[in-house]
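This report concerns only the one structure given below.
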Amino acid sequence: QVQLVESGGGLVQAGGSLRLSCAASGRTSKMGWFRQAPGKEREFVAGISWSGGLTNYADSVKGRFTISRDNAKSTVYLQMNSLKPEDTAVYYCAASFRFGGVPTAPSEYGYWGQGTQVTVSS
């Protein structure tokens with residue numbers, strides 16, 4: 001059983017930065033960050049392999065967001081820079097045990113955190 005707890009969300013002005021953290025209990029493998037804005041579907045933001053050697057990002061966040069992990073601390077991070085109002089959403093971390101590359105579909109992830117709110121004001 002895997003339990004995930006996100007933290008680090010908040011209110012920030014456009015152009016600002018936030019770092020989200022996801023603390024995991026239990027064994028994890030590939031990890032991902034997703035977000036969901038009101039009235040929209042949950043969308044992939046970034047993903048990382050267990051070793052950290054493979055990452056992928058949604059086009060909308062490439063060059064602005066960075067995913068990383070510290071396996072000694074069982075924690076995954078999402079550094080978000082140059083934030084835009086359209087980044088406003090609830091951000092979720094998730095764990096996947098699927099074989100192959102880092103998945104981008106929510107259905108490929110079996111464990112989810114409770115989410116943390118990120119609000120970017122213009």
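Only residues that are touching a Lys or Arg at 6+ places or on another chain (Cβ under 8 Å) and over 19 Å from residue 60 (Cβ atoms): list them for segment 7-22, please.
The one that is touching a Lys or Arg at 6+ places or on another chain (Cβ under 8 Å) and over 19 Å from residue 60 (Cβ atoms): 8.
Please tell me if residue 35 is within 16 Å of residue 18 (Cβ to Cβ) and open to solvent by less than 20 Å² (accessible area, probe 1.4 Å).
Against the criterion (within 16 Å of residue 18 (Cβ to Cβ) and open to solvent by less than 20 Å² (accessible area, probe 1.4 Å)), residue 35 qualifies.
Return the pairs, sorted by first residue and then second, in which the second residue is hydroxyl-bearing (Ser, Thr, Tyr), the first residue lies in segment 55-77 and is more than 16 Å from residue 93 (Cα to Cα), the beta carbons are less than 8 Å apart, and the residues are 6+ apart or on different chains.
64/82
For residue 101, state whether it is small (Gly, Ala, Ser), within 19 Å of residue 65 (Cα to Cα) and open to solvent by less than 60 Å² (accessible area, probe 1.4 Å).
no
Keeping to segment 26-49, report how many residues are at pLDDT below 95, of a type outside the set (Val, Ile, Thr) and more than 26 Å from residue 84 (Cβ to Cβ).
3
Identify, please: which residue in segment 73-85 is exposed (fewer than 15 other Cβ atoms within 10 Å of the Cβ) and more than 16 Å from residue 9 (Cβ to Cβ) and is, among those, modelled with the highest pLDDT?
82
Could you check residue 91 against (1) open to solvent by 20 Å² or more (accessible area, probe 1.4 Å); (2) in contact with a Lys or Arg (Cβ under 6 Å, 6 or more places away or on another chain) and say which number it fails?
For residue 91, the failing item is (1).
The values are calculated or read from the model by the stated rules, or taken from the named source; none is laboratory data. Keep in mind it's a predicted model, so treat the numbers as computed, not measured. Methodologically, a virtual Cβ is constructed for each residue, glycine included, from the backbone with ideal geometry; neighbour enumeration extends over all protein chains shown. Heads up: the accessible areas ignore ligands, DNA and RNA and are worked out on the full protein's heavy atoms, side chains in. Shrake-Rupley method; radii C 1.70, N 1.55, O 1.52, S 1.80 Å.
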